[in-house]
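**Student:** Below you'll find the structure I mean.
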Amino acid sequence: MYIVIVGGGKVGRGAARDLIRIGHEICIIERDSDTAWSINHEMGMVALVGDGAEVHVQQAAGMNRADVVVACTGRDQANLAVAQTAEIRFAANKVIARINDPRNERVFRALGFHNVISATTSIVNAIEQEVHAGIESLARLTQLASTSFVLTEQIVPPLAAAVGRNVRELNLPPGALLVLVVREDEDARIPGPQTTIHAGDVVIAVTESQHAPALRAALTGEG
Amino acid sequence: MSNPRRAGKRVVIMGCGRLGSTLAGELDQEGHHVTVIDIDPAAFNWLDDDFRGDTVIGQGEDADIQRAAGVPDAQVFLALANGDNRNAMAVQVAKHIHGAPRVVARIYDPERAEVYRQLGINVVNPTTILDRMVREVAFAPDRANQTG
């Protein structure tokens, strides 16, 4: 694909590096000539010096043949201008806009831009997920009688290696037994060896207390 | 502010430079209620001493600053700061977030001005206006020769 990236800071540059590595053609529009020089020094001639919100600069960058336009400067008003000119003037197929101030997410969405990336929001979500993963998601529902067994509850995260696998294929610790899989909009089921695990499943299991971390790893580990 | 003689419109102006401050003073004199937003408090020195409107310090494209400046209750929002991108974003926030019935943006770049017109925004483009005026003055028939 041909991808035009406006803004050659850490974000634009990092994205360009990865996209070039997997075989895409890139043009970075960067207004600071020193930064553009440094990008070209690292990645070959991919950077163009100019104001990426100016139509003639966008033209020079070949925005009319771009498959994707990424607006990722550090200024939201510039990213909005890039996104809107790309859509109106160049009928860009896909525009991705970076949002610096998370409060502007609402503004971009109100203006019809749904492909928005807010670093702050992403980091906040990631932190929340980590907090949940570490503390809440392996909730020990109860200790069973006076044994060393506990009843646990685990939510399967979207990136877990377990997603899409059968119960039989999971690397469960010895003695652990999955007793119930609760899936949104479906009846709870008692899983068999062939039951496939989905992202977001709530898995209730019995395990020996000492194997609880291994059970958690089996259900949430990213492979 | 509650003076009954002042039955004018509520106008919010972003950008207190030469244009913004001049317009603010005139609209104030005409009986409108004017609020001016600028990021630089020193910019308010451009306003006349007898300016009766309000001033708000902050980024005029920020939805929260616009709310503080009364944009949700304003009839007119004018974006007259120096940056095209900033003005364009500000009028769209005023229109689509706060529901301002009439917004106008100053956009210097004629190409971008056209893009925003297509998005339904009222745009004033000083470059094309001045281009026309300069041509009219520079190439007008010489009056001295005409009358002579």
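The values are calculated or read from the model by the stated rules, or taken from the named source; none is laboratory data. These numbers come from a predicted model, not from an experiment. Counting neighbours? That spans all protein chains shown, and the Cβs are built from the backbone with ideal geometry, glycine included.
**Student:** In segment B:57-85, which residues are without any contact (Cβ under 8 Å) to a residue 60 or more places away in the chain, under 15 Å from A:Gln77 (Cβ atoms) and surrounded by 24 or more Cβ atoms within 10 Å (Cβ to Cβ)?
**Tutor:** B:Gly60, B:Glu61, B:Gln66, B:Asp84, B:Asn85
**Student:** Inspect segment B:78-100 for any residue being within 11 Å of chain A (Cβ to nearest Cβ), out of contact with any helix residue (DSSP H, G or I) (no Cβ under 6 Å at 6 or more places or on another chain), of a type in the set (Asp, Glu) and part of a helix (DSSP H, G or I) and give the result as yes or no.
**Tutor:** Checked against the condition, which is being within 11 Å of chain A (Cβ to nearest Cβ), out of contact with any helix residue (DSSP H, G or I) (no Cβ under 6 Å at 6 or more places or on another chain), of a type in the set (Asp, Glu) and part of a helix (DSSP H, G or I), segment B:78-100 yields no hits at all.
**Student:** Pairs under 9 Å by beta carbon, first residue more than 18 Å from A:Ala199 (Cα to Cα) and modelled with pLDDT under 85 in segment A:139-164, partner surrounded by 12 or more Cβ atoms within 10 Å (Cβ to Cβ) and basic (Lys, Arg), six or more apart or different chains?
**Tutor:** A:Val150/A:Arg140; A:Leu151/A:Arg140
**Student:** Looking only at residues that are free of Cβ contacts under 8 Å to residues at least 24 places away in the same chain, within 12 Å of another protein chain (Cβ to nearest Cβ) and part of a loop (DSSP other than H, G, I, E, B) in segment A:46-90, which one is nearest to B:Leu119 (Cα to Cα)?
**Tutor:** Ranking the candidates gives A:Glu54 first.
**Student:** Which one is farthest from the other protein chains (Cβ to nearest Cβ), of the residues in segment B:101-114 that are of a type in the set (Lys, Arg) and crowded, with 18+ Cβ neighbours inside 10 Å?
**Tutor:** Start the filter on segment B:101-114 by keeping residues that are of a type in the set (Lys, Arg), which leaves B:102, B:106, B:112.
From what's left, crowded, with 18+ Cβ neighbours inside 10 Å: B:106, B:112.
Values: B:Arg106: 14, B:Arg112: 6 Å.
Step by step, filter segment B:101-114, then rank; the result is B:Arg106.
**Student:** Scan segment A:108-120 for residues that are in contact (Cβ under 8 Å) with a residue 12 or more places away in the chain, within 12 Å of chain B (Cβ to nearest Cβ) and in a helix (DSSP H, G or I) and jot them down. Quick ask: steps written out before the conclusion?
**Tutor:** So the first thing to find is which residues in segment A:108-120 are in contact (Cβ under 8 Å) with a residue 12 or more places away in the chain, and the list is A:108, A:111, A:113, A:115-120.
Then keep just the ones that are within 12 Å of chain B (Cβ to nearest Cβ); that gives A:108, A:111, A:113.
The answer is A:Phe108, and nothing else.
Yes/no per residue for (1) modelled with pLDDT of 90 or more; (2) loosely packed, with under 13 Cβ neighbours inside 10 Å:
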residue	(1), (2)
A:Ser122	no, yes
A:Ser137	no, no
A:Ala188	no, yes
A:Thr195	yes, no
A:Glu208	no, no
A:Glu222	no, yes
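**Student:** Restricting to segment A:73-116, what's the tally of residues that are of a type in the set (A, V, I, L, M, F, W, C) and farther than 20 Å from B:Asp62 by Cβ?
**Tutor:** Applying the first criterion (of a type in the set (A, V, I, L, M, F, W, C)) to segment A:73-116 yields A:78, A:80-83, A:86, A:88, A:90-92, A:95-97, A:99, A:107-108, A:110-111, A:113, A:116.
The next check asks that each one be farther than 20 Å from B:Asp62 by Cβ; those that pass are A:86, A:88, A:90-92, A:95-96.
Adding up the residues that qualify gives 7.
**Student:** For segment B:115-126, enumerate the residues that are within 13 Å of another protein chain (Cβ to nearest Cβ) and either touching a helix residue (DSSP H, G or I) at 6+ places or on another chain (Cβ under 8 Å) or hydrophobic (A, V, I, L, M, F, W, C) (or both).
**Tutor:** Within segment B:115-126, the first condition is being within 13 Å of another protein chain (Cβ to nearest Cβ), and the residues that meet it are B:115-121, B:123.
If the condition is that a residue be within 13 Å of another protein chain (Cβ to nearest Cβ) and either touching a helix residue (DSSP H, G or I) at 6+ places or on another chain (Cβ under 8 Å) or hydrophobic (A, V, I, L, M, F, W, C) (or both), then B:Val115, B:Tyr116, B:Gln118, B:Leu119, B:Ile121, B:Val123 are the ones that fit.
**Student:** If you check every pair at least six apart or on different chains, which have Cβ atoms under 7 Å apart with a residue in segment B:16-41 that is within 18 Å of B:Tyr108 (Cβ to Cβ) first and a residue that is at pLDDT 95 or above and among the charged types (D, E, K, R) second?
**Tutor:** Within 7 Å, the pairs are B:Cys16/B:Asp38.
**Student:** Take segment A:17-30 and flag every residue that is modelled with pLDDT under 95 and surrounded by 17 or more Cβ atoms within 10 Å (Cβ to Cβ).
**Tutor:** Within segment A:17-30, A:Leu19 is the sole residue that qualifies.
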